[in-house]
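A.B. asks: Below you will find the structure I want to go over with you.
Only the coordinates and a few stated rules stand behind these numbers; no lab work does. A quick note: this is a predicted structure, and the numbers were derived from the prediction, not measured. Because the Cβ atoms are built from the backbone with ideal geometry, glycine has one as well, and the counts that use them run over all protein chains shown.
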Amino acid sequence: MSQSFLNAGLAKRLAEAADCFRDGKYHYFICRKTPPYDLNYTRGYDSDLDASKDADEAKFELGEEYEKFGPYKTDLADAPTFNYDAIQITFLNEGQPVSIEILEGDVDAIILSMSAYDKFLQPYYLRLYGMTVANLMRTHAIAGLTASPMSAVLHRSGSNSAFAESAKKRPGGTLLSVADYSI
């Protein structure tokens, strides 16, 4: 299949998405060619042919405005220093627990303040998506982080850096998603 030239924004987005997997498997991406890209992807396959068939089915379901890109295959990531299936965070006030949060093991970054968001996530999103989308994501982060005293912006691995999730404390000690912005 012949593909037309990609604009720099989409090329960066596809490269970032492929790099996220690092699983040694074949992946295809199905998305729009202009922002918001609404990037969708196949699960990893050992065979390029199987991944391509999955991508063709996804493209058919998504419609004509979507394009199929791939295959992409990245090297296996370095093994984690240890394996875990959840992360437990205990919030203390004057040395006493006030909340215990358990996050699923796919959370790979936890941002607790706008200062941290501006240092670590905003420059990344500016580079990847451009000013308009990055500022929209920042607006969502502000809303999420100010929603309650125990708020966080969570980034999940395997999201292909496609979204950050603002979360706030829900009665019962769990985190509730208040924003999900797929690009």
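A.B. asks: From largest to smallest, what semi-axes in whole angstrom does the range 8-73 give when each is the square root of 5 times an eigenvalue of its alpha carbon gyration tensor?
C.D. replies: Here the semi-axes work out to 18, 15, 7 Å.
A.B. asks: As a footprinting exposure proxy, order T34, T74, T42 by other Cβ within 10 Å, with the fewest listed first.
C.D. replies: Fewest-to-most Cβ neighbours within 10 Å comes out as T34, T74, T42.
A.B. asks: Could you grab the Rg to Rh ratio for the range 83-140? Cα atoms only, Kirkwood for Rh.
C.D. replies: My calculation of the ratio gives 1.10.
A.B. asks: I would also like to ask the following. Enumerate by residue number the GluC sites (Glu not before Pro) in the range 46-91 meeting two conditions: DSSP loop (anything except H, G, I, E, B), and at most 16 other Cβ atoms within 10 Å of the site's Cβ.
C.D. replies: E64, E65
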